[in-house]
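Written below as structure tokens is the structure these notes are about.
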Amino acid sequence: MELLVGGRDTLADKQIRLLIAASGTGGHLFPAIALAQQLPDYTIEWLGVPDRVEKSLIPSQYPLHTIAVEGFQQRFGLGTIRILARLVGSIQKVRQLLKTGQFDGVFTTGGYIAGPAIIAARLQGLPVILHESNAIPGKVTRWFSPWCDTVALGFESASKYLPKAKTLTVGTPVRSSFQEPQTLELPIPDDVPLIVVVGGSQGAVAVNQLVRECASAWFDAGAWMVHLTGEHDPEAGTLQHPQYIQMPFYHNMAALLQRANLAISRAGSGSLTELAITQTPSILIPYPYAAEDHQAFNAASFAATGAALVFRQSELTPELLESKVLYLLKSPESLQKMAQKAGTLAIPDSAERLAMLVRELVEKRK
């Protein structure tokens with residue numbers, strides 16, 4: 001960065017304004033929050049969608065603006081016309097926000113909110129950085145990646161799906177709490193194996209049902225379980241046991257995964273990044289209805305290195321899951337090997353790498 005002399009302003013004197021467009025799930029929000037934490041000298045504002053998880057996570061940290069936009073998940077018809085009309089209106093609203101707010105750049109983590117954010121930024125002549133955390137990019141990323149200055153990747157293998165984009169592999173950022181030891185504020189003895197069940201930020205009812213059928217055998221083997229059910233599980237509260245702790249979600253996932261001996265999880269990119277950083281062995285059950293089966297592609301990289309066991313939901317019975325977990329609980333050396341392999345997949349300084357990229361692209365335009 002050049003320093004101007006002779007009493008003139010320096011670039012540092014003019015705080016850079018960045019609009020972050022990230023919405024919907026933890027997989028989109030948490031990497032963006034991790035990036036924002038690496039840019040304390042920036043003025044950051046947020047672009048989201050009404051009634052999504054960002055409404056509860058973001059306003060206490062950054063000003064939140066919302067637009068009414070949705071994905072193209074249906075065949076062409078009257079519904080498509082309505083979606084297109086909302087898209088046009090959203091682009092206009094974001095463009096006005098960028099103009100009046102005098103923003104210097106836009107960062108997005110994909111999803112349907114990225115479309116209007118990228119188009120509006122381009123219309124304003126602003127740099128755009130998109131982060132794609134999945135092994136197979138989503139439709140929005142594939143459509144709009146050529147419009148971005150750079151697409152930062154969580155998995156290097158994703159680059160082959162983006163032949164017209166400039167890409168750079170940086171990993172997927174995690175929140176700063178994952179970078180240092182955390183204290184788990186739950187009443188779990190130190191000398192017992194802990195199984196953590198997590199279905200992602202939205203929960204996973206099918207996974208919840210599976211583990212409840214297996215839990216008795218795991219308790220008999222001495223294991224404790226922390227079960228994050230999500231907020232939409234109709235059977236929440238039906239299992240009661242002294243070694244069982246159930247919550248919709250837990251505020252300190254870093255502490256929970258650092259303590260866990262084994263995780264049973266969906267295979268969203270954010271969850272996998274956290275498992276790698278904390279070196280947590282896992283059994284992965286990819287969400288079968290994820291767009292273009294991207295969770296299965298994500299999980300494949302963990303299976304290939306030996307960091308996780310992976311099972312399709314349609315093929316996984318309670319008996320199979322019960323036996324696999326019991327085998328691992330009785331084989332500490334297997335869990336240790338899986339933990340070591342998980343660690344090899346981590347990029348601990350991913351947030352720093354991504355922040356450096358954002359600084360390079362945004363500040364050179366100033």
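Of the peptides 41-50, 260-269, the ranking by mean beta-carbon count within 10 Å, highest at the top, reads 260-269, 41-50. Mind listing P(r) for the stretch 178-344? All alpha-carbon pairs, 10 Å bins, whole percents. Reading the bins upward from 0: 10, 43, 40, 7, 0.
Under the simplified labelling scheme, the LEU168-ARG86 pair shows an inter-label distance of 3.4 nm, with each label point 7 Å from Cα along Cα→Cβ. Using R0 = 25 Å, the C-beta based FRET efficiency linking SER216 and LYS139 works out to 0.05. Over the chain, dividing the summed -39,500 (n - 2.57) contributions of all DSSP H runs of at least 4 residues by the number of residues returns a 222 nm mean residue ellipticity of -11500 deg cm²/dmol. Pairs of C-alpha atoms in the chain farther apart than 25 Å represent 55 percent of all such pairs. From Cα pairs below 8 angstrom and at least 6 apart in sequence, can you work out the relative contact order of the stretch 87-227, rounded to a whole percent? The normalised contact order for the stretch 87-227 reaches 15 percent.
Could you tell me how many degrees, from 0 to 90 and to the nearest 10, lie between the Cα long axis of helix 350-363 and the main elongation axis, the longest principal axis, of the Cα atoms of the chain? Tilt of helix 350-363: around 10 degrees. Computed from Cα positions, the angle between helix 332-344 and the longest principal axis of the chain comes to roughly 10 degrees.
Annotation: extensible slack from SER60 through GLU352 equals 102.8 nm (criterion: 0.36 nm per residue apart, minus Cα-Cα distance).
How far is helix 294-305 tilted, in degrees, relative to the longest principal axis of the Cα atoms in the chain, given as a value from 0 to 90 rounded to the nearest 10? Once rounded, the angle reads 60 degrees. Have a look at TRP143, GLY105, ILE16 and report the one farthest towards the positive end of the charge dipole of the stretch 16-163, computed about the Cα centre with Cβ charges (Lys/Arg +1, Asp/Glu -1). Positive-most Cα among the choices belongs to TRP143.
No lab work stands behind these numbers, since they all come straight from the coordinates. A quick note: this is a predicted structure, and the numbers were derived from the prediction, not measured. Glycine gets a Cβ as well: all are built from the backbone with ideal geometry, and neighbour counts include every protein chain shown.
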